[in-house]
Amino acid sequence: MKISQRVSGVEYAIRDIALEARKLQKEGRQITYLNIGDPLQYGFQPPENVKQALSRAVKEGQNYYAASEGLPELRDAIAKKEKAKGLQVSEDDILVTNGVSEGLEMITASIVEPGDEVLIPGPYYPPYASYVRLFGGKPIEFSVDLQNSTPDLDDIRSKITKKTVAICLISPNNPTGAVFSEKSLKDLIDIANEHNLYIICDEIYDQIVFDEKFTGIGKVCGDSPVILLNGFSKVHLMSGWRIGYIAFNQSNKLELLRENVPKLARVRIATNLPVQYAALESLQGPQDYINKFVFDLKRRRDYTIKRLNGMNGISCSNPKGAFYAFPKIENNKFKSDKEFVIELLKSKGVLTVHGSGFGVKYGTGHFRMVFLPEIPVLEQALDKIEEFVA
Ligand SMILES: Cc1ncc(COP(=O)(O)O)c(C=O)c1O
């Protein structure tokens, strides 16, 4: 029977490519998975107090439908976190979602009409393009200089048309690890305001930075129409529990959005309530595990980037945040980056993701790998990648 054209075009390279690996695993091959950005699949766990908060909530009977906008105490704690980063928000400006993914879907559904264009950083995290397309819009990639984490402002300006409705920013970025400076954020806000565009900013990796201090969009946006997306999957190590949020900046330009997005929240009823109690504990309990997590990641990043840049035919810019390396394949002997990734998988059992899955224009000719595993595992995987490219 027929399905909508809208949905048949949806792709998510990071998970789609894993189907190839599963086939090989069924045949008895051992696979090293470096494709999924999930710290919990590499030995990291939420702290004990957070796990206890989840089970306590279940035991104490917090098992009913929560309020659609989220638990008031959690919304308040989230507002305090974002306020400390500079965004002018209070409890009423927060909407709790089933991950950033759901927040992104709600926002895209609310602002994109068929034919509208949305600017996204190239290469991009795939759902940004998928959701825009799903709602009939057109994702337009803009260029980012990865050597110094700087968006190309002229390129952005040249791509704004009458149909552009929003600029998306992801800092720190997936897949490149680029972290935008305060000046770059301010420049982007100025451009968006000049053209009356929404600014959608994803800060899900906000505390995973290695070299410089992180600046949130809140610090520079004043009363601009900023919609911040954030969540608990990465920094708070709660990926499988599915929780995130939307924060609406206090801007009168967001009035209609504030009125209408909660309707979508009501239609889907609510977010998992016990998990909201765990998220609250995660914000209010000890934060020292984050330092340890970022310390471990920095060592893994340094090791991975050094190894990649030591390989003939591979070059990789230094990711300043998140947990991905996005190396360039200098002399690809295969038909495409996807074929490179599949051949690497078949011959060495190492699963990465083809760069073109993050956008044809800026992603092609690269691959993405996570540096989440412990160094001995990374060492083995990188040895195999080195043998393969040799
Ligand atoms: C930039 C970015 N946003 C959102 C997500 C997904 O977030 P969530 O688990 O909160 O849906 C990811 C996951 O990799 C990501 O990299």
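With a ≥ b ≥ c taken as the square roots of the eigenvalues of the C-alpha gyration tensor of the range 193-302, please select rounded if a/c is under 1.5 and otherwise prolate if a/b is larger than b/c or oblate if it is not? Before the final figure, lay out each step's value.
On the way: a/c = 2.67, a/b = 1.31, b/c = 2.04.
Oblate.
Cα gyration tensor of the range 47-99, axes a ≥ b ≥ c as square roots of the eigenvalues: rounded (a/c below 1.5), prolate (a/b > b/c) or oblate? Provide the component values of the computation, followed by the final result.
Details: a/c = 2.94, a/b = 1.60, b/c = 1.83.
Oblate is the answer for the range 47-99, as a/c is 1.5 or above yet b/c matches or exceeds a/b.
In the structure shown, do any of Lys51/Lys81; Lys83/Lys328; Lys234/Lys335 have a Cα-Cα gap over 32 Å, and if so which?
On the way: Lys51/Lys81 21 Å; Lys83/Lys328 38 Å; Lys234/Lys335 34 Å.
Result: Lys83/Lys328; Lys234/Lys335 exceed 32 Å.
Tell me the relative contact order for the chain as a rounded percent, counting alpha carbon contacts under 8 Å between residues six or more apart.
For the chain, the relative contact order is 23 percent.
Name the residues whose placed amide hydrogens come within less than 5 Å of the amide hydrogen of Thr164, ignoring near sequence neighbours (fewer than 5 apart) on the same chain.
Those lying under 5 Å, H to H, from Thr164 are Glu117.
Find how many whole Å separate the alpha carbon centroid of the range 240-262 from the alpha carbon centroid of the range 89-139.
What the calculation gives is 11 Å, centre to centre.
Based on the mean of other beta carbon atoms within 10 Å per residue, what is the order of 102-110, 199-207, 131-139, 250-258, most packed first? Walk me through the numbers before you get to the answer.
On the way: 102-110: 21.9, 199-207: 24.1, 131-139: 18.9, 250-258: 14.7.
Those peptides, ordered most packed to least, come out 199-207, 102-110, 131-139, 250-258.
Round to a whole number: what % of the accessible area of the range 51-189 belongs to carbon and sulfur, probe 1.4 Å? Can you show the working numbers first?
Details: 2790 of 5580 Å².
Roughly 50 percent, rounded to a whole number.
Collect residues whose amide H, placed 1.01 Å from N in the peptide plane, falls under 5 Å from the amide H of His366; neighbours closer than 5 in sequence don't count.
For His366, whose amide H was placed from the backbone, the distant partners under 5 Å are Ile329, Gly355, Ser356.
In percent, how large is the relative contact order of the range 238-370, given Cα pairs closer than 8 Å and 6 or more residues apart?
Rounded, it is 15 percent for the range 238-370.
Please compute the per residue accessible area over the chain with all protein chains in place, 1.4 Å probe, rounded to a whole number of Å².
Roughly 44 Å² per residue, with all protein chains present.
Out of residues 5 or more away from Phe371 or on other chains, whose amide H comes under 5 Å of its own, with H placed 1.01 Å from N in the peptide plane?
Amide H to amide H, under 5 Å and 5 or more residues apart or across chains, Phe371 pairs with Tyr324, Ala325.
Run the reach check for Lys263 against lysines, Cα to Cα strictly under 23 Å, same-chain hits fewer than 8 apart removed. What comes back?
Reachable lysines: Lys253.
Lysines near Lys384 by alpha-carbon distance under 16 Å, same-chain residues fewer than 8 away left out - which ones?
Within reach: Lys306, Lys346, Lys348.
What are the ³J(HN,Hα) values, in whole Hz, obtained from phi via the Karplus relation 6.51 cos²θ - 1.76 cosθ + 1.60 with θ = phi - 60°, for each residue of the range 127-133 in sequence order, with x given for Gly and Pro?
Here the 3J(HN,Hα) series is x, 4, 6, 4, 5, 4, 5 Hz.
Return an integer: the convex hull volume of the alpha-carbon atoms of the range 1-101, in Å³ per residue. Mind dumping the intermediate values first?
Working: hull volume 24.9 nm³, N = 101.
Convex hull of Cα atoms, per residue: 247 Å³.
Starting at the first residue of the range 6-17, write each ³J(HN,Hα) from the Karplus equation 6.51 cos²θ - 1.76 cosθ + 1.60 with θ = phi - 60°, in whole Hz, x for Gly and Pro.
3, 7, 5, x, 6, 9, 8, 3, 4, 8, 4, 5
Residue by residue through the range 259-264, which ³J(HN,Hα) values in whole Hz follow from phi under the Karplus form 6.51 cos²θ - 1.76 cosθ + 1.60 (θ = phi - 60°), with glycine and proline marked x?
Couplings: 6, 9, 4, x, 5, 5 Hz.
Please go through the residue pairs Lys80/Lys320; Lys183/Lys320; Lys138/Lys162 and name each one whose alpha carbons sit more than 20 Å apart in this structure.
Numbers: Lys80/Lys320 26 Å; Lys183/Lys320 16 Å; Lys138/Lys162 13 Å.
Pairs exceeding 20 Å: Lys80/Lys320.
State, as an integer percentage, the relative contact order of the range 90-232 based on alpha-carbon contacts under 8 Å between residues 6 or more apart. Numbers along the way, then the final one.
Numbers: 232 pairs, mean separation 31.3, N = 143.
After rounding, I find 22 percent.
The values are calculated or read from the model by the stated rules, or taken from the named source; none is laboratory data. Every value quoted in this text rests on a predicted model; they were computed, and no experiment measured them. Glycine gets a Cβ as well: all are built from the backbone with ideal geometry, and neighbour counts include every protein chain shown. We work out accessible area using only protein heavy atoms, side chains counted, and drop any ligands, DNA or RNA first. Shrake-Rupley method; radii C 1.70, N 1.55, O 1.52, S 1.80 Å.
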